[in-house]
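To keep things clear, I will list the structure first and then write my remarks on it.
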Amino acid sequence: MSSKDNPQDEELLARYRRASDTDAAAPSESVRSAILAESRRVAEQLAKQAPQQPFDVSRPAANDRRWKITAFGTAGAALLAALLIAPRFWESQHAAEVSSVPAAAPATALTVPATAPAATAEPTAAESAAKTVSSDAAAPVPKLESVAPASRRESLQEIVVTQAERKASKASAEESRQYLPQVATSPVPPSEPQIATSSAPLAASAPPAAAPANSARAAQSGALSMSADRAARPRSVPTPARLQSAAGLGDLTQAALLLDQGVAVDARDEAGRTPLMLAVARGRLEVVRLLLARGADPNAADNSGRTPLQQARAGNLRDVAALLERAGAH
Amino acid sequence: MDLSQETDENLMMRFGRGEAAAFEFLYRRHELRVFRFLRRSVKNEASANDLMQEVWFAVVRGAANYQPTAKFTTWLFTIAHNRMVDMVRVNHRLQSLDAGDDADSEGSSMLDRLAVDGKLEPLAQVQTQDEAAALLNAVSQLPAEQRSAFLLQAEAELSVEEIAEATGSNFETVKSRLRYARAKLRQLLWEYA
């Protein structure tokens, strides 16, 4: 109910206002003077401030003195995010590059210096362990018998991993990437698991004849996986393409890890090339040794009928050729 | 530049840009209404003058940040009401403001007591004054919150909603206070007549 709805209320208000107008009450002159003086003082200040706004108020953020804090904070956060994401992105891109390289890898890939140190073999605790089980292993494993060194001294030389060869392997990784062949998406036989989260499922799903060998591989590769930095990456998916890439790049640790995770040792690309062929083509002696120890077929030929031994001889890779011959290549 | 045609809000905005004349015009327009509201609220000339200065100083110093989101008079009398309440609380010159709600709830009984309550202005005393003085005197007899609500309506010409905003009260509460205040005033004036 408002007063306007009631005539009596309106009349009351009107009477009050008439009465109020008759009241002579007013603020004292001193108060009035003080108020007006204050208003003039403030008006002067406001008049000075008005034209002194040097910045465009429509863009307050750009004129905020603290913009640097915001800008550098944002840049820092972006950099941190990039550092966290980049390794994963690089891995996936790396695999994609491997699969996108033309199948016809140039023969110049074989121009790795023939003086590659033969005695600087990769660390293969894996190999030595595989050697111990070679006698009871099935199909792929017997080839290891021919890999066994003729003497204890030669065996030790082959097992030793030198830091120099690791560095050489990394240095040539970038160069070799452009020569890597295109890898088939799924060259793995149905009987072999492409992805395995641990060695135990791999051993369970492997053919019965290869089961002892696989179990031995899982056991002997444990130390190797533990010592490898890349082994700690939980989200990398083991694929034949990655094994192809690791073989071409000479990345022994990654190749061993992928084999442990169940990638087929003889997975072929579209040109029919196995990881062994790619390792031979780039002169990756240590990877060749690992693949042979893991049961790679030294006589597997690509679609053009070319074998690893032929590749090694064509590239004048004597050490590789000798290793292949000891593994039964002909 | 005819300032008399400008609204209160425009005058305040112009003062915010440094026009002292705009404020002087605005002050003259509302000077008496604000002072009467304060004087009849605190019932003391000196206190009213002190409050008058405080209120207008607050208006002057708030000009730089003034935004015309509401009527200028609502903002002005909100300041005046708040300053008045602060002073009343400090000086304890009025009864507790919280008693006003109780008065609202029992307004009829208070109205009945009005004629016989010895604390209120005796009818005989009112009859010695003229009608205007009697009315103003009657206003001063209202409970504090009813008086504030009535003065904000009669002097500041605020609506019920604006009074509720200025006093920080509920809309229905303000309506109730106004209803009881008018009833008491009519009763006094009827007795005077």
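The values are calculated or read from the model by the stated rules, or taken from the named source; none is laboratory data. Predicted, not measured: the structure shown is a model, and the values here were computed from it. Cβ atoms come from the backbone with ideal geometry, glycine included; neighbour counts cover every protein chain shown.
Spot the failing condition for A:SER92; the list is (1) away from every other protein chain (no Cβ under 14 Å); (2) out of contact with any helix residue (DSSP H, G or I) (no Cβ under 6 Å at 6 or more places or on another chain); (3) modelled with pLDDT under 65, and only one is missed.
Going through (1) away from every other protein chain (no Cβ under 14 Å); (2) out of contact with any helix residue (DSSP H, G or I) (no Cβ under 6 Å at 6 or more places or on another chain); (3) modelled with pLDDT under 65 one by one, A:SER92 breaks only (3).
Filtering segment A:238-266 down to residues that are acidic (Asp, Glu) and either at pLDDT 90 or above or not in a helix (DSSP H, G or I) (or both), which residue is surrounded by the most Cβ atoms within 10 Å (Cβ to Cβ)?
Taking the candidates together, the pick is A:ASP251.
What's the number of the condition B:GLU9 fails, among (1) among the acidic types (Asp, Glu); (2) within 12 Å of another protein chain (Cβ to nearest Cβ); (3) crowded, with 18+ Cβ neighbours inside 10 Å?
Here B:GLU9 meets the rest and fails (2).
Which count do you get for residues in segment B:15-63 that are more than 9 Å from chain A (Cβ to nearest Cβ) and not in a helix (DSSP H, G or I)?
Number of matching residues: 3.
Quick one: count up the residues across segment B:64-76 that are more than 11 Å from chain A (Cβ to nearest Cβ) and of a type in the set (Gly, Ala, Ser).
Going through segment B:64-76 one residue at a time, the tally reaches 1.
When you scan segment B:53-82, how many residues do you find that are of a type in the set (Asp, Glu) and touching a residue at least 60 places away in the same chain (Cβ under 8 Å)?
Residues flagged as of a type in the set (Asp, Glu) and touching a residue at least 60 places away in the same chain (Cβ under 8 Å) within segment B:53-82 amount to 0.
Restricting attention to segment A:31-44, which residues are of a type outside the set (Asp, Glu) and either surrounded by 13 or more Cβ atoms within 10 Å (Cβ to Cβ) or within 8 Å of chain B (Cβ to nearest Cβ) (or both)?
A:VAL31, A:ARG32, A:ALA34, A:ILE35, A:LEU36, A:SER39, A:ARG40, A:VAL42, A:ALA43 - these are the residues of segment A:31-44 that are of a type outside the set (Asp, Glu) and either surrounded by 13 or more Cβ atoms within 10 Å (Cβ to Cβ) or within 8 Å of chain B (Cβ to nearest Cβ) (or both).
If the Cβ limit is 9 Å and pairs must be 6+ apart or interchain, which residue in segment A:36-61 that is over 22 Å from B:LEU11 (Cβ atoms) pairs with which residue that is modelled with pLDDT of 65 or more?
A:ALA61/A:TRP67; A:ALA61/A:THR70
Please specify each residue of segment A:19-30 satisfying the condition of being within 24 Å of B:ARG182 (Cα to Cα) and at the interface with chain B (Cβ under 7 Å from one of its Cβ atoms).
Residues satisfying the conditions are A:ALA19, A:SER20, A:THR22, A:ASP23, A:ALA25.
Checking B:SER148 against (1) facing chain A (nearest Cβ under 10 Å); (2) within 15 Å of B:VAL34 (Cα to Cα), which single condition isn't satisfied?
The failed condition is (1).
Could you check segment B:6-30 and list, in sequence order, the residues that are closer than 21 Å to B:ALA154 by Cα and more than 21 Å from the chain's Cα centre (by Cα)?
If the condition is that a residue be closer than 21 Å to B:ALA154 by Cα and more than 21 Å from the chain's Cα centre (by Cα), then B:THR7 is the only one that fits.
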